[in-house]
Structure formats: structure tokens, C-alpha cells
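S.K.: Sending over a structure as C-alpha cells; questions will come in a sec.
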Amino acid sequence: MASLKSGVCAVLASLVVFASLAESDVRVGIGPDGQKIIYNESPAQHARRYSPRLSPIPDAQLVPLIERHSLAQNLDPKLVRAVIQAESGYNQRALSNKGAIGLMQLMPMTAKLLRVSDPWDASENVRGGTTYLRQMLDRFQGRLEWAVAAYNAGPGAVERHRGIPPYRETREYVRRVLSLYQGGDIQLARVTTASPGGSRPAAAAGTGVTAPVITRKPRIIRNSENQIVVTTALE
């Protein structure tokens, strides 16, 4: 009987140790629908997300995938790498506490609008993310810092604030992405001074550098109602 009790105690002790180890690796958040979401991030992925330098792509299979989808949207692959690094640290199984999924952290509704059938699939995720980033660049007339802010906070917030929203998370995100992309520390104190209809974006404070304007050539198409429209969207 004593040996049985000692055996049970040993099993219970093992379960407690296992639970404590699991808790150190797994965090629980609340999704947009109020349900619990379990999501995790390795120390390496966390360090990569907050690194001040653009990191090498950790998975060689992602290199041609990022190149292909970036070029399909007339985007610099280096910019897409900067967004991926800031969003997920190249964690293909990343799930945020708000429910954003995968490498480029697509929200389920955004993924649906972009016709992403499986946001956990790396290729589908990057296709959706690059398409959305291209849409934000077109919407804000090529202003990179505004497009990046819209990727994080939504285009409505950028339009309401006529520039980068005064959210600490968004401003830090834009600074980090631009720093990774442009290879230097970017300050954003005066970035929001331009208006959506202005002729050029504001210069980053303390740098004398204007964030690049990224555009693509418009083309003429017929829409679903057989009307002739000018667009920069891909077919």
C-alpha cells in the first residue's frame, strides 16, 4: 500500500513539473470572438521580431516564395522581409492574442477578403499579406510609412488621423519596419504632418530622410459592371 501511494505521488509530481514546463512555453489570450486562444513564440522568434537588423531568412524554402509574391505585387522583397520579421519573426505557426495568423499575421476576415483559402499555408499567407500591403500602398498613394501603419492599425485609423495614428504600438511598429527596410534608426516625430492629398510625405524627424513613395503604373480595365476604370490593382 505504501509503495502504491509513493507511486501515485511520483506520478502527480511528474504531472506538476510537466504542467509548469508547458506553462512556460504556452500563453493563453482572448480572441476577437471572446474565445481563448493558445499561442506561443520561441525565444529565437521573439528576438528576431525585435532585432534592430534585418535577419537572414531562417527557412531556405521561404526565399523563393517571398521573392515570387513580392515581385507579383511590385514590392521590394526586402520590404516584405521587414514586415514578416516584425510581424512573426518568421514563425509560420504564429497566432497572436487578437487571432492574427501566420508569417504576415493575417486576420481571419482580411484573409477571407483576400481569398486566402488557408492562412496557415506559408505561400497563401505571403500572397495574402503582399496583396494587402500593395493595396495599402495604392490607397495611400505610395506613402510607405502610411501603408505600413495601415497594415498594423487598419486604413481607417490612418485616414482618421491623416497619417500614422498616435498609438504607441503602431508607431513603434512603423519605426521598426522602416528601420529594418532602410537599414537605420528611423524617428517618427513628424511623420504624420502630411495630408492624404499632399504632394509628398513628411520627412522623418532627425533624419532628413523622406520615406520612399512606392507606386506602380496604372492600367485601364472594365469592371464587373462593364465600366471603364483606371486601377493599379493586379488582375
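S.K.: Are any residues in region 83-112 more than 12 Å from Gly128 (Cβ to Cβ), in contact with a helix residue (DSSP H, G or I) (Cβ under 6 Å, 6 or more places away or on another chain), small (Gly, Ala, Ser) and without any contact (Cβ under 8 Å) to a residue 60 or more places away in the chain, and if so, which ones?
M.R.: Residues satisfying the conditions are Gly89, Ala94.
S.K.: With a cut-off of at least 3 residues that are on the phi < 0 side of the Ramachandran plot, surrounded by fewer than 16 Cβ atoms within 10 Å (Cβ to Cβ) and modelled with pLDDT under 95, name the helices (runs of 4 or more DSSP H) lying wholly within region 25-96. Step through it out loud before you land on a result.
M.R.: Numbers: elements: 43-49, 62-72, 77-88.
So the answer is 43-49.
S.K.: Let me ask another. Take the conditions at pLDDT 50 or above and over 15 Å from the mean Cα position of the chain (by Cα) and apply them to Gly7. Does it pass?
M.R.: yes
S.K.: Regarding region 111-123, can at least one residue be identified that is at pLDDT 95 or above, touching a His at 6+ places or on another chain (Cβ under 8 Å) and under 18 Å from Leu180 (Cα atoms)?
M.R.: No, every residue in region 111-123 fails to be at pLDDT 95 or above, touching a His at 6+ places or on another chain (Cβ under 8 Å) and under 18 Å from Leu180 (Cα atoms).
S.K.: To continue, here is another question. Select, from Asn152, Asn226, the only residue that is of a type outside the set (A, V, I, L, M), over 24 Å from Gln105 (Cα atoms) and at pLDDT 50 or above. Lay out the reasoning, then the answer.
M.R.: Numbers: Asn152 fails: over 24 Å from Gln105 (Cα atoms).
Testing whether each residue is of a type outside the set (A, V, I, L, M), over 24 Å from Gln105 (Cα atoms) and at pLDDT 50 or above leaves just Asn226.
S.K.: Let me ask you something else. Read through the list (1) modelled with pLDDT under 95; (2) buried (at least 23 other Cβ atoms within 10 Å of the Cβ), then give the number of the only condition that Pro196 fails.
M.R.: Of (1) modelled with pLDDT under 95; (2) buried (at least 23 other Cβ atoms within 10 Å of the Cβ), only one is false for Pro196: (2).
The values are calculated or read from the model by the stated rules, or taken from the named source; none is laboratory data. No experiment lies behind these values; they were computed from the predicted model shown. Cβ: placed from backbone, ideal geometry, glycine included. Neighbour counts: every protein chain shown.
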